[in-house]
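S.K.: Before I ask anything, let me first share the structure, which is written out below as structure tokens.
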Amino acid sequence: MRGKKVRAMIALAVASSIIASMSGCGKSKVELNDGTFKEVDVSTLQFPLKEKTVITGMTSYPANTESDPNNRTIFKRLQEDTNVEIKWTAIQADQWGDKISLAMSNPEELSDFVFSAGFGDSDLLKYADQGIIIALEEYIDAYMPNLKAIFDKYPEYRTMCTDTDGHIWALPWIEQLGSDKTAIQTVGNMSFINKKWLDFLKLDVPETVEEFEQVLIAFRDNASSIQKEFGIEGSIIPMSSIINDGDQDLSILINGFGEGYGDADKGRHIAVTDEKEIICAATQEGYKDGIEWLHSLYEQDLLDPEAFTQDWSTYVSKGKSGRYGVCFSWDVANIDNLEDWVPLPVLTADTRNLTPQNGSFTSGFDRGRCVVTAVAKNPALVCAWLDQMYDPMQSPQNNWGTYGEDDDFDIFTLGKNENGEDMLQHAPLGDESPVEVREAESVGGPLAILDEYYGVYVTCPDDAQYRLDWIEKYYTPDMNRKYVYPNVFMNREDTEELSNLQADIQKLINAKKSEWIMNGFTDSDWDEYIKSLQSYGLDRYLEIFQKYLDAFYEE
């Protein structure tokens, strides 16, 4: 309770300061509520409302898709079903970071809620202390039955949403697809190899780094015959990637070097040992050996020289032209096609291991997906409307797309489950890119898709199912580590300190990775790199992570 009172006092002070400054500038006053729970009669929140009501929201949309959220079928139906009209401020996704930061600092530009916030922990705690967003735990319990039911069944999600003072500052995005070491999020940057080229050259799928290197050499040395055989325009590229770019990064290749940790956490570069010790994966001898090997591939013209600079559209364009022998992505269908490719197994070097991505054992989770701001005059109504996103029939549509569109393609058809009840059935994707089709129809935001929904409310997407099958067949058997770093919610002081430390640490690690793959490095370079990381506070960085891991396993 003390934390709540303190934050309420801070919120009042911030609100007073903001209003005073606006008045001094001749602007209209913006009344911010103090964050205390505002109870209403539940009967006034029954949808559809008796009278049309307008609330305001902010969201992002992918470039080259519909820019007005109210023109999307999903939001049209929600307005009809709830009698709530949303006046949206929509921002193109590639401009979101800068523009939402400005909006959060100026209540004149704020809406009642931010639908696709994607805020990190430091953002949530900063805005909470500033009184810009409000605590939601009491609203969830009182006016959000769909989300509360999920929290009651899976209390770990409520725990992951709750800060050290007991408050929930944002509504989550949850996507269950598999669990533990078979969860779809355990591997992001899958590696794929062109089976059509292998068959043409009478080569087997490689299992070791030595075999893999020889396959790449064969792709390089037989480039002209591959071009002629398959009618490829443009040069043959044995392997392409976007280095330091999430699922397009090639770091999965080096998991087998040295201790076998690789570098699965490409944002924080941490891993958990079987003794529950936090280490920096990018300072291990195996990482060093792996980067040296990648440099040797680059020196032999086996890696795309544009891998260090190309953007997504360039990467995909070359892939769709059939020029790659090996590539990396969440799904190869985004880069080329399914028929000609197979996942590359975990490669054996000094050992054979694949480290799962941190946080993946609890499936897909985003703690800061949606916030309710202190501008909201009726936060109970806002929360009740947002709770509709957690309806088992609504969440899959928000996440993937819908049915009954006026265009040429629908993600779903509306069918029946075995009990004769409505069920969303995924339509075949055909030659369509899963990413592009879903971006055109989906709306994102807060939602939850649970494993028990499949076959009842929605079918499992074809591309998710084959990806789950890939993970279980190619990757799970080689996931030998016991632990991944869990989704913990640190306090503001630790979050901010960690964020400041990470900025320098991540920048250095990523810069040296690119530089060394391209130009190579010496033992002296490596030693200087380790010293620089230490000077940036690496020990303290790991200490903070360790503190919360220890606390997690004490509970």
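S.K.: Out of curiosity, is K482 within 17 Å of A281 (Cα to Cα), open to solvent by 60 Å² or more (accessible area, probe 1.4 Å) and part of a loop (DSSP other than H, G, I, E, B)?
M.R.: yes
S.K.: Let me ask another. Among all residue pairs at least 6 apart or on different chains, which show Cβ distances below 6 Å where the first residue, located in segment 514-543, is part of a helix (DSSP H, G or I) and the second is of a type outside the set (F, W, Y) and at pLDDT below 95?
M.R.: No pair meets every condition.
S.K.: Conditions: (1) open to solvent by less than 10 Å² (accessible area, probe 1.4 Å); (2) in a helix (DSSP H, G or I); (3) under 30 Å from L508 (Cβ atoms); (4) not aliphatic (A, V, I, L, M). S241 meets all but one. Number of the miss?
M.R.: Condition not satisfied by S241: (2).
S.K.: What is the number of the single condition among (1) open to solvent by 10 Å² or more (accessible area, probe 1.4 Å); (2) under 21 Å from the mean Cα position of the chain (by Cα) that P396 does not meet?
M.R.: Looking at each condition in turn, P396 falls short on (1).
S.K.: Quick check on this structure: which one of K148, K153 is open to solvent by 20 Å² or more (accessible area, probe 1.4 Å) and in contact with a helix residue (DSSP H, G or I) (Cβ under 6 Å, 6 or more places away or on another chain)?
M.R.: Result: K148 is the single residue among K148, K153 that is open to solvent by 20 Å² or more (accessible area, probe 1.4 Å) and in contact with a helix residue (DSSP H, G or I) (Cβ under 6 Å, 6 or more places away or on another chain).
S.K.: Filter segment 38-56 for residues that are within 24 Å of W169 (Cβ to Cβ) and open to solvent by less than 60 Å² (accessible area, probe 1.4 Å) and give the result.
M.R.: Correct list: V40, L45, I55, T56.
For every residue, the table says whether it meets (1) touching a residue at least 24 places away in the same chain (Cβ under 8 Å); (2) farther than 30 Å from D123 by Cβ; (3) crowded, with 20+ Cβ neighbours inside 10 Å.
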residue: N334; (1), (2), (3): yes, no, yes
residue: N337; (1), (2), (3): yes, yes, no
residue: V346; (1), (2), (3): yes, yes, yes
residue: A349; (1), (2), (3): yes, yes, yes
residue: R352; (1), (2), (3): yes, yes, no
residue: P356; (1), (2), (3): yes, no, yes
residue: F365; (1), (2), (3): yes, no, yes
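S.K.: Now for a different question. Going residue by residue through segment 146-163, is there one that turns out to be under 24 Å from the mean Cα position of the chain (by Cα), of a type outside the set (F, W, Y), outside any helix (DSSP H, G or I) and closer than 28 Å to S235 by Cβ?
M.R.: The answer is no, given that none of the residues of segment 146-163 is under 24 Å from the mean Cα position of the chain (by Cα), of a type outside the set (F, W, Y), outside any helix (DSSP H, G or I) and closer than 28 Å to S235 by Cβ.
S.K.: Residues of segment 84-104 being over 25 Å from W312 (Cβ atoms) and either surrounded by 14 or more Cβ atoms within 10 Å (Cβ to Cβ) or among the acidic types (D, E) (or both), which ones?
M.R.: V84, E85, I86, W88, T89, A103, M104
S.K.: Consider segment 185-225. How many of its residues are of a type in the set (A, V, I, L, M), open to solvent by less than 20 Å² (accessible area, probe 1.4 Å) and in contact (Cβ under 8 Å) with a residue 40 or more places away in the chain?
M.R.: The total comes to 6.
S.K.: Continuing with the same structure: Evaluate the following for I232: is it over 30 Å from Y261 (Cα atoms), open to solvent by less than 70 Å² (accessible area, probe 1.4 Å), in contact (Cβ under 8 Å) with a residue 24 or more places away in the chain and not in a helix (DSSP H, G or I)?
M.R.: For I232, the condition - over 30 Å from Y261 (Cα atoms), open to solvent by less than 70 Å² (accessible area, probe 1.4 Å), in contact (Cβ under 8 Å) with a residue 24 or more places away in the chain and not in a helix (DSSP H, G or I) - is met.
S.K.: Taking segment 544-555 as the region of interest, how many residues are open to solvent by less than 30 Å² (accessible area, probe 1.4 Å) and either free of Cβ contacts under 8 Å to residues at least 60 places away in the same chain or of a type in the set (S, T, Y) (or both)?
M.R.: Within segment 544-555, residues that are open to solvent by less than 30 Å² (accessible area, probe 1.4 Å) and either free of Cβ contacts under 8 Å to residues at least 60 places away in the same chain or of a type in the set (S, T, Y) (or both) number 2.
S.K.: Conditions first: (1) within 26 Å of the chain's Cα centre (by Cα); (2) in a strand (DSSP E or B); (3) loosely packed, with under 15 Cβ neighbours inside 10 Å. T59 passes all but one, so which condition is the exception?
M.R.: Checking T59 against (1) within 26 Å of the chain's Cα centre (by Cα); (2) in a strand (DSSP E or B); (3) loosely packed, with under 15 Cβ neighbours inside 10 Å, the one that fails is (3).
S.K.: May I pose another question? Looking at segment 264-273, can you tell me whether even one residue there is among the β-branched types (V, I, T), over 20 Å from the mean Cα position of the chain (by Cα), modelled with pLDDT of 95 or more and open to solvent by 10 Å² or more (accessible area, probe 1.4 Å)?
M.R.: The answer is no, given that none of the residues of segment 264-273 is among the β-branched types (V, I, T), over 20 Å from the mean Cα position of the chain (by Cα), modelled with pLDDT of 95 or more and open to solvent by 10 Å² or more (accessible area, probe 1.4 Å).
S.K.: Also, I was wondering about something else. For D462, are the conditions met, namely being of a type in the set (D, E), touching a residue at least 12 places away in the same chain (Cβ under 8 Å) and touching a strand residue (DSSP E or B) at 6+ places or on another chain (Cβ under 7 Å)?
M.R.: Against the criterion (of a type in the set (D, E), touching a residue at least 12 places away in the same chain (Cβ under 8 Å) and touching a strand residue (DSSP E or B) at 6+ places or on another chain (Cβ under 7 Å)), D462 qualifies.
S.K.: A further question on this structure: Go over the candidates T208, T164 one by one and state the one that is on the phi < 0 side of the Ramachandran plot and at pLDDT below 95.
M.R.: Selected residue: T164, the only one of T208, T164 that is on the phi < 0 side of the Ramachandran plot and at pLDDT below 95.
S.K.: Pull up segment 274-307, narrow it to residues that are polar (S, T, N, Q) and assigned to a helix (DSSP H, G or I), then point me to the one that is farthest from the chain's Cα centre (by Cα).
M.R.: Filtering segment 274-307 for residues that are polar (S, T, N, Q) and assigned to a helix (DSSP H, G or I), the one farthest from the chain's Cα centre (by Cα) comes out as S296.
S.K.: Cβ-Cβ under 7 Å, sequence separation 6+ or interchain: first residue in segment 287-305 and open to solvent by 30 Å² or more (accessible area, probe 1.4 Å), partner not in a helix (DSSP H, G or I). Which pairs?
M.R.: As it stands, the answer is D289/F257; D289/G258, since those pairs meet every condition given.
S.K.: Hey, does segment 82-98 have a residue that's farther than 22 Å from N378 by Cα, touching a helix residue (DSSP H, G or I) at 6+ places or on another chain (Cβ under 7 Å) and among the β-branched types (V, I, T)?
M.R.: yes
The values are calculated or read from the model by the stated rules, or taken from the named source; none is laboratory data. This one's a predicted model, so the numbers in the text were calculated from it and none came from an experiment. Neighbour counts are summed over all protein chains in view; Cβ atoms, including those assigned to glycine, are modelled from backbone coordinates with ideal geometry. Remember, those area values only see protein heavy atoms, side chains included, never the ligands or the DNA or RNA. Shrake-Rupley method; radii C 1.70, N 1.55, O 1.52, S 1.80 Å.
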